[in-house]
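Q: Provided herewith is a single structure, encoded as structure tokens, for subsequent inquiry.
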Amino acid sequence: MNASLIGTMILIIVIIIFLIFFFNFVPVGLWISAMASGVHVSIGTLVGMRFRRINPSRIVLPLIKATKAGLKVNMNEMEAHLLAGGNVDRVINALIAAQSANIPLSFDDCRAIDLAGRDVLQAVQMSVNPKVIETPVVAAIAKDGIELRAKARVTVRANIERLVGGAGEETIIARVGEGIVTTVGSASTHKEVLENPDLISRTVLSKGLDAGTAFEILSIDIADVDVGRNVGAQLQMDQAEADRRIAQAKAEERRAMAVAREQEMKASVQEMRAKVVEAEAEVPKAMAKALTEGKLGVMDYYQMQNVISDTRMRDSIAETGTPAQTPETDNKGK
């Protein structure tokens, strides 16, 4: 009796374990939900997904959603997209949103956009509800040297056909900034831009800045324009300061050259004085030699000394301004 009871309990436990394993491995509840929604999926297909390491709910639930929305999608393509790393649920949501908005979008295009790393659902929503991109403050200088700081708001709509391979928001912002700089830089005065801010919008829109991007520019509105620095005046001040420094450097160069010439002249004068002193030192030797050889008499020597003394006296009187006293005037006075 006890043995049969134990055998029965073991059998019940085995059956319970088998049922738990079976219901965990075979998504019967998911199969019932699919059948109730009109999606014909066999138990074998769900078990095959398990063997392919695919969560059946990530395929069946989007498939139920697509069937209820009236979309015709292939389960094998959905599995392939999931195995490729795509988001099946987001793709189905994007297809439903595109169908509701009357936007032509196929499953293949939607899958390609999703695998390219774009949010396909957001792209569809942006096609219905355009997005506003606000650019940072862009500084530009007009021809009169006045800086203007402008900020723009760009209204864009997703271009689904160019989502794969198209540039993003950063390119739109960069191109709009370039257009602002070009428009302000070509203006004669900054007042022209302040009086007509729409000049920037018209110029930027006419350039076709959305070419090669994943967006279509609907409008460009200048949100704010402020007057910045007077760059022209600052450049003139810097130029004047540079000219002053150049002139000062040239003046220092001329002064240095003048000082050098003065030093050279002083050196020349000192050299000439040295030669004169040297020549004067030779005079007594020559006179002594002339006296010794009899070429110069004693009276001649005294007359020469009188002439030298008279010359020195006249020079000293000329320096002091006193009338010169000569031997002749002394004799007349007497």
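Q: Per residue, how large is the accessible surface of the chain? Use a 1.4 angstrom probe and give square angstrom.
A: 66 Å²
Q: Quote to one decimal, in nm, the extra length available between Val227 and Glu262 on full extension: 0.36 nm per residue of separation minus the C-alpha distance between them.
A: Extending this stretch completely gives an extra 6.9 nm.
Q: Give the aspartates and glutamates whose C-alpha is closer than 20 Å to that of Lys289, dropping any in the same chain fewer than 8 places away, or say none.
A: Glu278, Glu280, Asp300
Q: Taking 25 Å as the cut-off for C-alpha to C-alpha distance, list the pairs among Lys131/Lys151; Lys68/Lys131; Lys143/Lys250; Lys151/Lys207 that go past it.
A: Values: Lys131/Lys151 17 Å; Lys68/Lys131 30 Å; Lys143/Lys250 33 Å; Lys151/Lys207 18 Å.
Result: Lys68/Lys131; Lys143/Lys250 exceed 25 Å.
Q: Between Leu83 and Arg202, 0.36 nm times their residue separation minus their Cα-Cα distance comes to what?
A: Values: separation 119, 0.36 × 119 = 42.84 nm, distance 4.76 nm.
38.1 nm is the gain from fully extending Leu83 to Arg202.
Q: Provide the solvent-accessible area of Thr203, counting protein heavy atoms only and rolling a 1.4 Å probe, rounded to the nearest 10 Å².
A: The accessible area comes out at roughly 40 Å².
Q: Based only on the alpha carbon positions, what is the Kirkwood hydrodynamic radius of the chain, in angstrom?
A: About 31.9 Å for the chain.
Q: Something else now. For the chain, which whole-number percentage of the solvent-accessible area (1.4 Å probe, protein heavy atoms only) is attributable to carbon and sulfur atoms?
A: 57 percent
Q: Net charge near Ala34, counting Lys/Arg +1 and Asp/Glu -1 over other residues with Cβ under 12 Å of its Cβ?
A: Combined, the nearby Lys, Arg, Asp and Glu give +2.
Q: Please report the net charge: other residues with Cβ closer than 11 Å to the Cβ of Asn230, K and R +1, D and E -1.
A: -1
Q: Taking θ as phi - 60°, what are the ³J(HN,Hα) couplings along the range 63-78 by the Karplus curve (6.51, -1.76, 1.60), each to the nearest whole Hz, with x for Gly and Pro?
A: Each residue of the range 63-78 in turn: 5, 5, 4, 5, 5, 5, 7, x, 8, 10, 10, 9, 5, 4, 5, 5 Hz.
Q: Most fluctuating residue of Asn306, Asn230, Asn93 in a GNM of the chain with Cα springs under 10 Å: which is it?
A: Largest GNM mean-square fluctuation: Asn306.
Q: Say we join alpha carbon atoms closer than 10 Å with springs in a Gaussian network model of the chain; which of Gln263, Gln236, Gln303 then has the biggest fluctuation?
A: Result: Gln303 has the largest fluctuation of those listed.
Q: If each DSSP helix of 4+ residues adds -39,500 (n - 2.57) and the sum is divided by the residues in the chain, what number results at 222 nm, nearest 500 deg cm²/dmol? Before the final figure, lay out the partial values.
A: On the way: 14 runs with 221 residues, N = 334.
Value at 222 nm, helices only, nearest 500: -22000 deg cm²/dmol.
Q: For Arg312 and Glu282, compute 0.36 nm times the residue count separating them, minus their Cα-Cα distance, and round to one decimal in nm.
A: In short, 8.8 nm is gained.
The values are calculated or read from the model by the stated rules, or taken from the named source; none is laboratory data. What you are looking at is a predicted structure, and each value in this text was computed from that prediction instead of being measured. Methodologically, a virtual Cβ is constructed for each residue, glycine included, from the backbone with ideal geometry; neighbour enumeration extends over all protein chains shown. Protein only, heavy atoms only, side chains kept; ligands, DNA and RNA dropped before computing areas. Shrake-Rupley method; radii C 1.70, N 1.55, O 1.52, S 1.80 Å.
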